[in-house]
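Notes follow the structure.
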Amino acid sequence: MKTKENKSKGLVKIAESGLLSLVSSKLKDRVLFPEKVEKTKEYLKGAKFAKS
């Protein structure tokens, strides 16, 4: 079985801050850990908040 060859010649260089900005914009409004969110919601149902 032959593998595909990548014939692109150049790489794009980007600053770390720019890369983090790009990744954060792609992940905006997504739940990354839905199990933990559900577990936390269940935990907070029984929580009583104290008034200070």
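Structural remarks
- Between helix 16-26 and the chain: long-axis angle, C-alpha atoms, 0 to 90°, nearest 10: 60 degrees
- Remark on the chain: Rg and Dmax equal 21.8, 69 Å (Cα only).
- Qualifying GluC sites (Glu not before Pro) for the chain [loop in DSSP, other Cβ within 10 Å: at most 14]: Glu5
- On the chain, 58 percent of the accessible area sits on carbon and sulfur atoms, based on a 1.4 Å probe.
- Loop-resident trypsin sites (Lys or Arg not before Pro) (DSSP state other than H, G, I, E or B) in the chain with no more than 16 further Cβ atoms inside 10 Å of their Cβ: Lys2, Lys4, Lys7, Lys9, Lys13, Lys28, Arg30, Lys48, Lys51.
- Helix 34-45 vs. the chain, principal-axis angle (Cα, 0 to 90°, nearest 10): 10 degrees
The values are calculated or read from the model by the stated rules, or taken from the named source; none is laboratory data. Everything quoted here is computed from the prediction, not taken from an experiment. Please note: Cβ atoms are built from the backbone with ideal geometry, for glycine as well, and neighbour counts cover all protein chains shown. These accessible areas exclude ligands, DNA and RNA; they are computed on the full protein's heavy atoms, side chains included. Shrake-Rupley method; radii C 1.70, N 1.55, O 1.52, S 1.80 Å.
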